[in-house]
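Trainee: Here it is, the structure, as structure tokens.
The values are calculated or read from the model by the stated rules, or taken from the named source; none is laboratory data. These figures come from a predicted structure and were not determined experimentally. Heads up, the Cβs are rebuilt from the backbone with ideal geometry, glycines too, and the neighbour counts pull from every protein chain shown. For the accessible areas, the whole protein counts, side chains as well, though only heavy atoms, and no ligand, DNA or RNA atoms are used. Shrake-Rupley method; radii C 1.70, N 1.55, O 1.52, S 1.80 Å.
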Amino acid sequence: MAITTVVGASGQTFAVTVTGGQTQLLAQQYQAAVSTLHNSGNLDSYDLAPGSNATSGSYVGHGLISEGGQFSLTDSTTQYISIGSYSTTGQDTLNSAVSLDLSGSAAKNVSILAGDWAGVSLTAGNQDGTFIGGVGDNTFNGGSSSGNWTIATGDGNDTITGTSGNDTISAGLGNNKIVLGSGTNVVRSEGQDTIDGTSGTDTVTLLGGSSVVTLGANGTVYDTTSHNTVSGGNNTFITGGSSSTYFSTGAMSTVSGGMNDTISASTDIWQIRGTSNSITASGALTFLNGTGATTVSAGTSTLFGASGLDLMLVGGSASSTNLYVGGDGSETVSAASSNGTLHAFAGTGDETITGGSGADTLVGGSGSATLTGGSGAANLFALTKGAAGGDYTITDFGSAAGNLMALYQYGLQNDNGLASVLANATVAGGNTTIELSDNSKITFVGVTDLNASNFTLS
């Protein structure tokens, strides 16, 4: 909390209380502008009285309000308005509600610095302006305005209705309600706020947590905290926070980062570099470099993993398809609770991949991999020479007669190559292990009668 002082009528000291970083910064700029005009002799300071106020003069007008009541301005010269108290001790003692109507003001630009403990209600006109609501529960009403406004409020519970112009809003601590207009708007939210921006193009930064944000198309949200709820339309971009909930209602949206978030989309969505998120998409999901314990349910999904990913595919329909491509490091992917089909390509690390009820394709990478076809019949397990070279364990190869092992680019279809590999197989403990020319080793768990019909070659 800080006291900003300006020169009032007759040179008296006029004090205004402000709280919050953004209000204090703007108050300092306001003070500097007023002081510069005063020192140059280009400022007329005068007291405003309840009711309608209209002044004229050759200089910039600076109106001061030091009592409660309803005020309005109809002139074109008053460009600065201070709301607070005259004080010889530097204290702001105004504690009576002020209502200020600028809808009749002819000024092109108006700046208001308010420090009323009982709150200020401001109605904007079509001018551009700055409103600094330092203390108390303040209201900014710009619903009938087409101006561009900078609005900053302190630690009260404030209500802000934006203009149809382009607004920059900084809401301080408290439970604030913010309704954005149809312009291009920027919001900095420090409290536990409710923000509605369905008609404009909005950028919102959440600093306080536990806020509710509803945006239309082309919105951007930076969630720097936790437990926020965000809904966005088409082409919304969200930087994820922690334990927040995100809804995409448009054709396509993106969530980047985030930890332990719940993400849902009515159609398509991208999720980039998230950690331990739960993702549901009625349409197509593109998942890039995610990690941690992650749950996915989508109509179709394209999934690129990262080290530490523990991915669970759930739900979906029999027509759902999931493409997984592994990265570096250890990863686990399971489609055991999925109704769709999994096409999985292991990466360079140690991978554990489990299919579901569909006819899945599981391809080993250059690292070690444990592959389980799952409950579906006719699963295809595969290695490609040049991309393989690890140790592979297939846990349920013998569970369905339709399962096949594909060996690509090994040339085993020539010169009895496969027969030679099978002849040199090792059978031990009820399992069969074969070794290929690139040092790949495949162990078929529970299989002792491996034969050529179990393989497809190219």
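Trainee: How high is the relative contact order of the chain? Use alpha-carbon pairs under 8 Å, at least six apart in sequence, and give a whole percent. Intermediate results must be reported in sequence, preceding the final value.
Mentor: Values: 1534 pairs, mean separation 24.0, N = 458.
Answer for the chain is 5 percent.
Trainee: So for the stretch 1-179, Kirkwood radius off the Cα pairs, Stokes-Einstein at 20 °C and 1.002 mPa s: how many µm² s⁻¹?
Mentor: After rounding, the answer is 138 µm²/s.
Trainee: Sticking with this structure for a sec: Whose amide H sits under 5 Å from the amide H of V110, counting only residues 5 or more places off or on another chain, with H placed in the peptide plane?
Mentor: When sequence neighbours closer than 5 places are left aside, the close amide H contacts are D128, G129, T130.
Trainee: Shifting gears a bit: Could you point to the residue in N126, G115, T139 farthest towards the positive end of the stretch 1-179's charge dipole, with +1 and -1 charges on the Cβ of Lys/Arg and Asp/Glu respectively?
Mentor: Highest projection toward the positive end goes to N126.
Trainee: Please arrange S264, S458 by accessible surface area, largest first, computed with a 1.4 Å probe and ligands excluded. List each step's numbers first, then the result.
Mentor: On the way: S264 35, S458 55 Å².
Greatest to least solvent exposure: S458, S264.
Trainee: Sticking with this one: Which entry is the computed Rg and Dmax of the Cα atoms in Å for this structure: [x] 33.1, 108; [y] 22.5, 72; [z] 20.6, 67?
Mentor: [x]
Trainee: Turning to a different aspect of this structure: If I ignore ligands, DNA and RNA and count only protein heavy atoms, how much of T332 is accessible to a 1.4 Å probe, in Å² to the nearest 10?
Mentor: Roughly 50 Å² of T332 is accessible to a 1.4 Å probe.
Trainee: Keeping all protein chains in position, work out how much accessible area D391 exposes to a 1.4 Å probe, and write it in Å² to the nearest 10.
Mentor: 80
Trainee: Same structure again: How large are Rg and Dmax for the stretch 268-457 when only the alpha carbon atoms are used, in Å?
Mentor: Rg and Dmax of the stretch 268-457, Cα atoms, are 16.6, 51 Å.
Trainee: Mind listing the phi-derived Karplus ³J(HN,Hα) values for the stretch 139-155, rounded to whole Hz, using 6.51, -1.76 and 1.60 with θ = phi - 60°, and x for any glycine or proline?
Mentor: Rounded to whole hertz, the list is 10, 10, 10, x, x, 9, 9, 10, x, 9, 10, 9, 10, 9, 10, x, 8.
Trainee: Suppose every K and R has +1 on its Cβ and every D and E has -1 on its Cβ; what is the size of the dipole of the stretch 338-458 about the Cα centre, in Debye to the nearest 20? Before the final figure, lay out each step's value.
Mentor: Working: 2 positive and 9 negative charges, 23 e Å.
The dipole of the stretch 338-458 has a size of about 120 debye.
Trainee: Could you tell me what percent of the accessible area of the stretch 262-415 is made up of carbon and sulfur, with a 1.4 Å probe and every protein chain present? Numbers along the way, then the final one.
Mentor: On the way: 2910 of 5540 Å².
Within the stretch 262-415, the accessible surface is 53 percent carbon and sulfur.
Trainee: Order Y86, Y222 by their accessible area, 1.4 angstrom probe, all chains in place, largest first. Walk me through the intermediate numbers first.
Mentor: Working: Y86 65, Y222 95 Å².
From most accessible down to least: Y222, Y86.
Trainee: Using the per-residue mean of other Cβ atoms lying within 10 Å as a proxy for protection, in what order, highest first, do the peptides 87-95, 357-365 fall? Don't skip to the answer; put the middle values down first.
Mentor: On the way: 87-95: 15.0, 357-365: 24.0.
The most tightly packed comes first, giving 357-365, 87-95.
Trainee: Could I ask something else about it? Ignoring ligands, DNA and RNA, what accessible area per residue does the chain give at 1.4 Å, in Å²? Spell out each step's value before the answer.
Mentor: Details: 17560 Å² over 458 residues.
The answer is 38 Å² per residue.
Trainee: A further question follows. Would you list F455, F304 from the most to the least accessible area, probe 1.4 Å?
Mentor: Values: F455 20, F304 75 Å².
Putting F455, F304 in descending order of accessible area: F304, F455.
Trainee: For S96 paired with N42, estimate the spin-label separation in nm (one decimal), with each label point 7 Å from Cα along the Cα-to-Cβ line.
Mentor: Going from the S96 label point to the N42 one covers 3.5 nm.
Trainee: Could you give the nm distance between label points at A251 and S319, where each point is 7 Å from its Cα heading toward the beta carbon?
Mentor: Placing both labels 7 Å along Cα→Cβ, they lie 2.0 nm apart.
Trainee: On to the next question. List the residues whose amide H sits under 5 Å from the amide H of N53, counting only those 5 or more places along or on another chain, with H placed 1.01 Å from N in the peptide plane.
Mentor: Amide H to amide H, under 5 Å and 5 or more residues apart or across chains, N53 pairs with S72, L73, T74.
Trainee: Round to the nearest 10 and report in Å² the accessible area of W149, as given by a 1.4 Å probe over the protein chains' heavy atoms.
Mentor: 0
Trainee: Turning to a different aspect of this structure: For the stretch 262-279, list residues with backbone N below 15 Å from a point placed 7 Å from the Cα of T229 toward its Cβ?
Mentor: 262-264
Trainee: Going toward the positive end of the dipole of the chain, with +1 on Lys and Arg Cβ and -1 on Asp and Glu Cβ, which of A425, T395, G181 do you reach last?
Mentor: A425
Trainee: How much of the accessible area of the stretch 1-179, probe 1.4 Å, is carbon plus sulfur, in whole percent? Mind showing how you got there, number by number?
Mentor: Values: 3040 of 6940 Å².
The C+S portion of the solvent-accessible surface of the stretch 1-179 is 44 percent.
Trainee: For a quick check: with amide H placed at 1.01 Å from N, whose amide H comes under 5 Å from L311's, ignoring anything fewer than 5 positions away on the same chain?
Mentor: It is T294, T332, V333, S334, by chain and number.
Trainee: Tally the DSSP beta bridges in the stretch 268-457 and give the antiparallel ones as a percent, rounded to 5.
Mentor: 10
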